[in-house]
1. Under the Karplus relation 6.51 cos²θ - 1.76 cosθ + 1.60, θ = phi - 60°, what is the ordered set of whole-Hz ³J(HN,Hα) values for the stretch 27-44, x standing for Gly and Pro?
2. Provide the descending list of Cα extents for the stretch 457-537 along its principal axes, expressed in whole angstroms.
3. If only Cα atoms are counted, what is the Rg of the stretch 372-524, and what is its Dmax, in Å?
4. Considering every Cα-Cα pair within the stretch 164-302, what fraction, in whole percent, is farther apart than 28 Å?
5. Using θ = phi - 60° and the Karplus relation 6.51 cos²θ - 1.76 cosθ + 1.60, list the HN-Hα couplings for the stretch 120-128 in order, rounded to whole Hz, with x at every Gly or Pro.
6. Evaluate the relative contact order of the chain (contact order divided by residue number), counting alpha-carbon pairs under 8 angstrom at least 6 apart; express in whole percent.
7. Taking the Cα centroid of the stretch 23-54 and of the stretch 75-92, what is the distance between the two, rounded to the nearest whole Å?
8. When every alpha-carbon pair in the stretch 107-179 is counted, what percent end up more than 13 Å apart?
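Each reported figure results from applying straightforward, stated rules to the coordinates on display, with no laboratory input. Keep in mind that this is a model prediction, so the values were computed, not measured. Every residue, glycine as well, gets a Cβ built from its backbone with ideal geometry; the counts of neighbours run over all protein chains shown.
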Amino acid sequence: MNKKWWKEAVVYQIYPRSFKDSNNDGIGDLRGIIEKIDYLDQLGVDAVWLNPVYQSPNDDNGYDISDYKDIMDEFGTMEDLEELMELLHEREIKLIMDLVINHSSDEHQWFQESRKSKSNPYRDYYIWKDGKNDGPPNNWKSFFGGSAWKYDEQTDQYYLHLFSPKQPDLNWENPKLRQEIYEMINWWLEKGVDGFRLDVINLISKDQRFPDGAEAGQKGHEYFANGPRVHEFVQEMAAETFNNYEAMTVGETPFVDKDEALKFVKEERKEFSMVIPFEHLEFDRKEGWDKITDWDLTELKDLMSEWQYKLQENNGWTSLYFCNHDQPRIVSRYGDDGEYRKESAKMLGTMLHTLRGTPFIYQGEEIGMTNISFESLDDFDDIETRGYIKEVQAKGELSEDEILEIANYRTRDNARTPMHWNSNKYAGFSEVEPWLKLNTNYPAVNVEKDLAAEDSVFKYYQRMISLRKKYPVFAYGEYDILLKEDQNIYAYQRRGEENNLLILLNFSRKRVDYDLTEEVEVETAELILNNYQKEADFELSGSLRPYEARVYLC
Ligand code: TEU
Ligand code: CA
């Protein structure tokens, strides 16, 4: 097992728009992040990933980039970014940037040129096609609803946009475009950034026949996700950029299972350090956006185990996460955001920090932030939510109240409301009304409170992170599942060179018995992490309290 800094690291994700507003315009910014470096240091994280901070008209909050080498005015300047990087580096915290290269903004100069004429030198930087039978070239559907093609009168052709019409897909078949992108990536690496998270990077190779997709689910994904040349493109890019700098790379990969993932992360293939999986966050969404589906803990255990075994047996790595700027808060999904908020937030965190992979913390997760409940459909800002609301309204099966309920459960805004620093007006995020409504529970759930209380979620995270630094088994130990059939408890071991870990997680709101006598041989076990007050010494059989998490060093 090759040692790497990013296997031992804990990454903290910052959504700059919602982290800290330094100049009181209601929008978070780079100088706001600078103000909070002490906080990051105190938590103990090793790297910060910033969501896109580049110049952007913000149709999809920065995921529509109009200039890859400039900073969004609302966030600050290139000097601010350089200063932030320097200050992070002084504390030995690495900086990971977001790289959105499946698409650009329609306001990017390349697209402005491209749409001018069929013979423009930039025409083939994007994907243009003639329509079919007075409609789009095929039935591919955009992630944000509606057709993935937009008609452009000027040249009487359609262009492809897998996301919003203001996010035209770049044409990776064009070697000139690929070279421009590599040049830009190297420019950032030369500046000193330590790595990249690559947005929807497994969508860059489209089946050049552009066939209609099957009717079910997201139409067309079988032709644009993990397409024919994707690994060729990724290997070329890695060889010409990241691999010359030993940068950390995290590929965001929807529609990827463990086998496909391995192709991206098997070390010998020299593609990415790790991927961002999706399958473990799809259980409550199996029948689409507008219906919450029931699921069983054994499904999650089986899935995690499949990935864990596959990657450890084949020299691959993964990221471990529950929350990011696209996901509702995990404590409101797989935990309990009422009575057991703190316990379940800590239990879920324990799982991420004890599996084999690199844990990612999304801002606010370390204090157990929960989902919101907006009162009106007009409160939603997220372009994806607005797209789904329109589709569901058009279907006419749900009442407005039902739509509001599902939108509150699903919306990406759940993650994007401003960070809770204290219980002042606007939660210490800003002195003016923020760009997006705050979660109303900020007086009870905030950083100041968590720093003051011994049993807070924050203090627990701090401890978890320090344990990872102390015991290499957290990063490198081999995973093995225990109590496979148990419906309430997720239990597993990690076997390292010097020590082993035994992890017990109760996913239910009741007390549950366990019996490990048949499964493990443990002579002595020290309880090094527990989200309750210690009750008893280790026993091979016993019981776990609601949402209890225990980590034993054996
Ligand atoms: O997300 C890609 C992606 O797969 C999401 O659209 C996801 O399916 C959805 O949000 C789940 O609710 C990335 C970025 O993380 C996201 O913020 C961007 O909107 C998107 O790419 C386009 O750049
Ligand atoms: Ca600001």
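1. Per residue, the Karplus-derived 3J(HN,Hα) values read 10, x, 7, 5, 5, x, 5, 4, 4, 9, 5, 4, 4, 5, 5, 4, 5, x Hz.
2. 31, 29, 21
3. Every Cα atom of the stretch 372-524 included, Rg and Dmax give 22.0, 62 Å.
4. 26 percent
5. My calculation for the stretch 120-128 gives 4, x, 9, 3, 7, 6, 10, 10, 10 Hz in order.
6. 13 percent
7. Using only Cα atoms, the two centres lie 10 Å from each other.
8. Across the stretch 107-179, Cα pairs with separations above 13 Å total 63 percent.
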